[in-house]
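Visitor: To start, I am sharing the structure in question, which I have written as structure tokens.
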Amino acid sequence: MSDRVNDSKNSGASRGAGSTGGTVLKIENLHVSFGEGETRARAVRGIDLEIHRGELHALVGESGSGKTVTSTCVLGLLPTPPAIIEAGSIYYKGHDHEGDLLQFSEDKRRRTRGREIAMVFQEPGKYLNPALRVGEQIMEMLRLHLGFRGEAAEQRALEILETVGLGGNRRVLRSFPHELSGGMKQRVMIAIAICCNPSLLIADEPTTALDVTLQMQILKLIMQLRHKFDMGILFISHDLAVVHDIADRVSVIYAGKIVESGSRDEIFNSPQHPYTRLLLASVPDAAKRGKKLVTISGKVPDAEHFPTGCAFHPRCPLAEKRCADEQPPAEKLDGSRSASCFCLGKEWPA
Ligand SMILES: Nc1ncnc2c1ncn2[C@@H]1O[C@H](COP(=O)(O)OP(=O)(O)OP(=O)(O)O)[C@@H](O)[C@H]1O
Ligand SMILES: [Mg+2]
């Protein structure tokens with residue numbers, strides 16, 4: 001894995017040496033559902049997650065586990081309805097704003113989004129406005145949030161393009177998104193995200209649609225910008241090899257709950273939760289190192305029909321009767337980690 005983006009120089013063993021400061025985001029006991037009655041889908045079921053300035057916190061888990069619902073809730077982009085935020089708080093501390101994002105007025109949230117909390121998604125094509133030149137899109141953010149005008153806005157937009165590796169290029173500034181390659185579009189989206197010097201960046205599968213070379217370039221760029229702007233980053237990915245290379249902390253989500261959380265080294269070197277163990281053993285790189293490649297039996301349950309007790313119990317090789325009846329609470333373990341499982345430390349079946 002480490003021949004890829006390795007940022008281990010900057011990643012610490014405990015909370016993350018990338019982390020330089022206090023809390024930028026603290027999600028507590030967040031519950032989000034869709035629909036009611038029989039069709040009620042409990043997408044997020046009590047998530048706790050904390051990110052510090054300068055720290056890259058990766059959120060990993062199978063499809064449908066609640067990663068995007070959680071991140072769009074932080075961004076204030078989760079439409080309610082159909083979503084219902086049933087409980088929880090999202091404490092945020094940025095440059096100008098501090099408090100529970102869920103209690104902010106819509107206007108205050110709009111001012112925070114883009115200015116202080118920025119986002120990068122998988123498909124820049126969907127996010128960029130096809131009818132507006134790239135420069136206009138960057139300058140619009142600079143005007144709206146920072147009051148830049150005229151030549152100063154254009155100059156600043158050029159500098160930002162330089163920062164994201166597009167060479168302070170006026171041609172790019174005057175291009176429409178469709179005139180750019182996939183990698184350039186992704187860089188433009190990152191330029192828009194960071195142009196107001198945000199405190200928090202939410203990156204939801206930002207490189208999944210790119211080929212491997214471009215993926216590495218974009219990840220390196222995100223890492224550089226993290227240090228340059230001292231941003232906290234919530235990094236959502238299916239790619240555990242990438243997460244291994246760039247994360248300070250990792251939270252593993254299953255069926256709308258964080259089942260294990262710890263520093264990158266704690267999670268990758270000695271995973272404790274059976275789901276984390278199986279997830280890591282199912283990464284193809286594990287096979288390259290001579291380890292048996294495994295698949296996790298069964299599939300992620302639908303949010304409408306989560307099993308009772310620990311939602312992972314029907315797929316868990318260690319499950320015992322209690323796991324079907326009771327929900328294991330989050331338990332603080334050694335170092336900086338925690339996990340929710342009744343069977344921690346139990347011997348793995350041969
Ligand atoms: N608008 C919606 N209406 C009903 N259910 C929804 C809606 N959006 C999400 N869900 C449900 O919420 C759960 C979590 O979805 P989410 O998109 O957060 O998953 P994810 O972890 O981001 O998956 P992926 O890795 O595929 O992106 C899923 O069961 C999904 O079906
Ligand atoms: Mg998603």
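Visitor: For a quick check of your reading of the filter: which trypsin sites (Lys or Arg not before Pro) in region 98-191 sit in a DSSP loop and have no more than 15 other Cβ atoms within 10 Å?
Guide: Filter output for region 98-191: ARG149, ARG174.
Visitor: Just to confirm a number: summing +1 for Lys and Arg and -1 for Asp and Glu over residues other than ALA157 whose beta-carbon lies under 14 angstrom from that of ALA157, what do you get?
Guide: Value of the local net charge: +2.
Visitor: Another question, if that's okay. So what's the net charge close to LYS93: Lys and Arg +1, Asp and Glu -1, counting the other residues with Cβ under 12 Å from its Cβ?
Guide: Charge balance near LYS93 sits at -3.
Visitor: Then there is this: Sort region 270-339 into rounded, prolate or oblate with this rule: let a ≥ b ≥ c be the square roots of the eigenvalues of the Cα gyration tensor; rounded if a/c is under 1.5, and if a/c is not under 1.5, prolate when a/b is larger than b/c, oblate otherwise.
Guide: oblate
Visitor: Also, I was wondering about something else. What's the longest uninterrupted piece of the chain once you rule out the GluC sites (Glu not before Pro) that are loop residues per DSSP with at most 15 other Cβ within 10 Å?
Guide: It runs 37-319.
Visitor: How far is the Cα center of region 22-41 from the Cα center of region 100-171, in Å?
Guide: 28
Visitor: Restricting to bridges with both residues inside region 195-262, how much of the DSSP beta-bridge set is antiparallel, in percent to the nearest 5?
Guide: Looking only at bridges with both residues in region 195-262, the antiparallel portion is about 50 percent.
Visitor: Determine Rg/Rh for the chain; Rg is computed over alpha-carbon atoms and Rh is the Kirkwood hydrodynamic estimate from the same atoms.
Guide: Rg divided by Rh gives 0.98.
Visitor: Based on the Cβ-Cβ distance from GLU151 to ALA209, what FRET efficiency comes out when R0 is 41 Å, to the nearest 0.05?
Guide: 0.70
Visitor: Rounded to the nearest 500, what is the 222 nm mean residue ellipticity of the chain from helices alone, with -39500 (n - 2.57) per DSSP H run of 4+ residues and division by all residues?
Guide: So the calculated ellipticity at 222 nm is -9000 deg cm²/dmol.
Visitor: Over the chain, what relative contact order in percent results from Cα pairs under 8 Å that are six or more residues apart?
Guide: 23
FYI, it's all coordinate maths here, none of it is from the lab. The structure displayed is predicted, hence computed values, not measured ones. Every residue, glycine as well, gets a Cβ built from its backbone with ideal geometry; the counts of neighbours run over all protein chains shown.
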